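Shown next, in structure tokens, is the structure this report addresses.
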Amino acid sequence: MSTAGQIIGLSAAQLSEKLRAGEVSAVEATQAHLDRIAAVDGAVHAFLARSDQAALDTASAIDRQRAAGDDLHPLAGVPIALKDNIVTKGLTTTCGSRMLSEWNPVYTATVAQRVQEAGMPVLGKTNMDEFAMGSSTETSAFGPTHNPWNVEHHPGGSGGGSAAALAAFSAPLALGSDTGGSIRQPGAITGTVGVKPTYGSVSRFGVIAMASSLDQVGPAARTVLDAALLHEVIAGHDPNDNTSLNVAVPPVVAAAREGATGDLRGVRVGVITELQGAETQEGVRLRFAESLDALRQAGAEIVEVSCPNIGSAVAVYDVLNAAEASSNLARFDGMRFGRRVEPTDGRHVTVDTVMSASRGDGFGAEVKRRILFGIYALSGDNYDTYFRSAQRVRSLIAQELAAAFKAVDVLVSPTSPATANALGSAPEGNHGSLLGDAATISANLAGTPAMSVPAGLGDNNLPVGLQIIAPQMADDRMYRVGAALETALQERWGAPLLAQIPALGEVKVEVSL
């Protein structure tokens, strides 16, 4: 029988093998992770809500089915954490906001339903920037999440809770949502893998929207193969989502296994010139160069690619994100949805005063800022000046990426230009907080898949990541390249990057290859 420290140190694929071999029960695996959460989450604050009993009930049912010889999904019994904008019946879903602090949904998002149907115990809901607006998980109404590598630093955002849960070994798998890098950027700065699938290839039904044309649910994991296994669970057509693509899921698991052999002969990798700016930290540049060398040694051909308009991605995203968010969040007014607060300043109780009081109390500063900017960008002549202009440049960026993919198989860049900032030092305002997502935003604007893979340690001995972008519905390409890089760097380090993480909590984690 494995110890708790051995269980939580396993990858999802390794845990799956032990579950199927009968070496570990689903209840043991789930309890080990629940115990880990109890031991470390006071310091990390990755979770906003826990579902201990429901998780154990699912695990117990899986153990009974396995004992009876039932045909189970490979990930049955492997626990998972869900970002707190993924609606889950019977489990509070807050989006990190006071506006939804007491909301218990009566239905379940498609991705959560698919996870449940696969027999994966849901450990709970993870912390996030309020309504996914932020890059550090510091705008959460319920307090920030801390980076397990150094709890004085943030874990990225908006999905910092999911990434931190993985890095703290509190969950082997997690789901996040990515609007401009919210899975990939936290992955990069916590030493984990974060994936944004092709837009429309994973259902958004039941995922609380921020910017509907940009949002995409994706897997977060500690290894590329684990991410691929979860990707196959959640991907596929959903008639409840009118943006859902009715196409076959790319063979991402097979691609990850192929890439793990370390053979990239015949693969052309494009390095985006414009995403290697002067603001990139020296440690990030060094790890990026080492990663390119590793890809080259695996047989890949490395070529420089120029995408001139990609430098405008942050400004374009700034406008489009705010405009769509202002529309999507209009429903949260205390009358139709969300926390209801009546005026206490002597005003009469009317529709207008209740809406004003509810939004004033329920929304945080960053959400209010983006709503106001979005309304401004959509008003009168500003619609053409800002919104329509941003849409035109968005099209140019998508065309540039499509043209680049005629010459190369994938594009790469540093995921984030810097390692994690100290808590409380994030830039003020929407635009400032987006600068760390300068490399990730273009994939959302173009609807292409993108992945962040750990690339080593940079400044302050904190993790950095390498981003891999592939053409639409060629998600398997990034899994092949990502797995090859992971293999090469693990051989260089002698162990997974997370084996180097400082001790955290009462349970000693034993990480295995």
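Conditions tested, residue by residue: (1) closer than 25 Å to L229 by Cβ; (2) modelled with pLDDT of 95 or more; (3) of a type in the set (S, T, Y); (4) touching a helix residue (DSSP H, G or I) at 6+ places or on another chain (Cβ under 6 Å).
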{"site": "S60", "(1), (2), (3), (4)": "yes, yes, yes, yes"}
{"site": "G90", "(1), (2), (3), (4)": "no, no, no, no"}
{"site": "Q113", "(1), (2), (3), (4)": "yes, yes, no, no"}
{"site": "P121", "(1), (2), (3), (4)": "yes, yes, no, yes"}
{"site": "S136", "(1), (2), (3), (4)": "no, yes, yes, no"}
{"site": "N150", "(1), (2), (3), (4)": "no, yes, no, no"}
{"site": "H154", "(1), (2), (3), (4)": "no, yes, no, no"}
Of these, L123, L166, which one is within 16 Å of the chain's Cα centre (by Cα), more than 24 Å from G338 (Cα to Cα), among the hydrophobic types (A, V, I, L, M, F, W, C) and surrounded by 21 or more Cβ atoms within 10 Å (Cβ to Cβ)?
-> L166
Which one of the conditions (1) under 17 Å from the mean Cα position of the chain (by Cα); (2) outside any helix (DSSP H, G or I); (3) over 30 Å from G77 (Cβ atoms) does Q185 fail to meet, given that it meets all the rest?
-> (2)
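May I ask you to list the residues in the stretch 188-223 that are in a loop (DSSP other than H, G, I, E, B) and not small (G, A, S)?
Of all residues in the stretch 188-223, those in a loop (DSSP other than H, G, I, E, B) come to 191-192, 197-201, 203-206, 208-215, 222-223.
Residues satisfying the conditions are T192, P197, T198, Y199, R204, F205, I208, M210, L214, D215, R222, T223.
Quick grid of which residues meet (1) part of a helix (DSSP H, G or I); (2) outside the structural domain of A404 (by TED's automatic domain parsing); (3) surrounded by fewer than 15 Cβ atoms within 10 Å (Cβ to Cβ):
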residue	(1), (2), (3)
E279	no, no, yes
N321	yes, yes, no
V349	no, yes, yes
D352	yes, yes, yes
Counted residues, the stretch 35-67 - those being aliphatic (A, V, I, L, M), within 29 Å of T137 (Cα to Cα) and surrounded by 22 or more Cβ atoms within 10 Å (Cβ to Cβ) = 6
Among the listed residues S51, S25, which satisfies the condition of being over 15 Å from V122 (Cβ atoms) and either in contact with a His (Cβ under 6 Å, 6 or more places away or on another chain) or in the same structural domain as G176 (by TED's automatic domain parsing) (or both)?
-> S25
Residue list for the stretch 356-401, filter: surrounded by fewer than 20 Cβ atoms within 10 Å (Cβ to Cβ), more than 28 Å from the chain's Cα centre (by Cα) and polar (S, T, N, Q) = S356, S379, N382, T385, S389
Given the conditions (1) surrounded by fewer than 20 Cβ atoms within 10 Å (Cβ to Cβ); (2) in a loop (DSSP other than H, G, I, E, B); (3) at pLDDT 95 or above, which single one is not true for G96?
-> (1)
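The values are calculated or read from the model by the stated rules, or taken from the named source; none is laboratory data. Note that this is a predicted model, so its numbers are computed, not measured. Virtual Cβ from ideal backbone geometry, glycine too; neighbours counted across all protein chains shown.
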